[in-house]
Each structure stands twice: as C-alpha cells, then as structure tokens.
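What follows is one structure encoded as structure tokens, with my remarks underneath.
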Amino acid sequence: MNPSRTQVSRTHVSRTQGRRALGACCGVISTALLMGAANGAWLTRVPPADHARTNPLVATAQAQENAASAGAQIYRNECAKCHGDNGAGLHSRPPVVSDRVANATDGDLFWLMSNGVPWRGMPGWSMLPTAERWQLVAYLRALNPSGANETPAPNPASTPLQGNPR
C-alpha cells in the first residue's frame, strides 16, 4: 500500500525540521566547546616542571626582540587563521591577547603549544621545532607586554583545592 501524498509531505517536513534542530543543536554545542578553550582549563593540566620553564631564547633584550620577530612570522603562518592577525581571536577561537595569556608562564605557553587543547579544537604544535615554539612564546609576550611575568605564577595544577573535595 502506497502512502498518500499528504503522509509523504508530512514525513519530509518532519525530517527536515529534525535535521534543522539537530544542526542548530550541534552548532550551539560546537560554539560552547570552542569558547571553553578561553576558560583557562588547560592551565590545570600543565605539569609543575613545565610550568616553571623559562624561555631560553630571551637572555637579553636584543635576543627577546629577535625571538619575537621570528615568532611573529610563525604566528602569521600558523596561528592567525584561528586567533586573528591581531590576536583577538576569530570564529569563536579564544584571543591570545588576554590577561590569561599575559599571566601564564613561559612554560605554560610552551606546554600549550606543544600539547594543544584537542578537546577544545586547538591542535598541538609539537611538530614545530623547539626553537620555533619558544619564538612563538616570545611573540606572545610582545603582544601582552604588561603581563609578561618574570616570577612564575603558581601552577594551578599543583595548588590544592579549597573547600569540599569530591
């Protein structure tokens, strides 16, 4: 028995509405996940030894300038497509000009670049040579000059939780 034209039309409309609702739901979830990278949860995953690392390429002001200049080129080629030419973030990707980046240690930033935040959409860049990742750290410091800290901030991963542990 063939379904009537009305039944076929209702089934088509119902499927189309379901697909639209599913697409909208996926879009909202994806946006929320990408925005979540901006919440700094990655900082809790940085091991204490990595948190304490310092940039070996910035022993002098001239070395810092040279490393930042090289890092700017790498940033334009690899990072700007998600984080924007000016570091303000694009397409729901977090900005790299922020208090969180400014207050992260060199080691935190190096760890982030090496490991990424895959559950939030940022790939790890461990395929870049070590020196290039440190150059990127120097460039991020140049973008965030007021927060470049000389004394490492406490590592959130090694700070005991306060309150009621679960």
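The values are calculated or read from the model by the stated rules, or taken from the named source; none is laboratory data. Just so it is clear, the structure is predicted and the values come from calculations on it, not from any experiment. Cβ coordinates were reconstructed from backbone atoms using ideal geometry, including for glycine residues, and neighbour counts include every protein chain displayed.
Summary of computed values
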item: Residues of segment 38-94 that turn out to be within 15 Å of Gly116 (Cβ to Cβ) and among the aliphatic types (A, V, I, L, M), as a count; result: 4
item: Qualifying residue in segment 71-82 (condition: surrounded by fewer than 19 Cβ atoms within 10 Å (Cβ to Cβ), closer than 16 Å to Asn144 by Cα and modelled with pLDDT under 95); result: yes
item: Some residue of segment 85-98 being assigned to a helix (DSSP H, G or I) and modelled with pLDDT of 90 or more; result: no
item: Residues satisfying the stated conditions in segment 99-142, i.e. assigned to a loop (DSSP other than H, G, I, E, B), touching a residue at least 40 places away in the same chain (Cβ under 8 Å) and of a type in the set (A, V, I, L, M, F, W, C); result: Ala104, Trp125, Leu128
item: Boolean, Ala41 is among the aliphatic types (A, V, I, L, M), surrounded by fewer than 14 Cβ atoms within 10 Å (Cβ to Cβ) and at pLDDT below 95; result: yes
item: Residue within segment 52-60 that is closer than 19 Å to Ser126 by Cβ, touching a residue at least 24 places away in the same chain (Cβ under 8 Å), out of contact with any Pro (no Cβ under 6 Å at 6 or more places or on another chain) and outside any loop (DSSP other than H, G, I, E, B) present; result: no
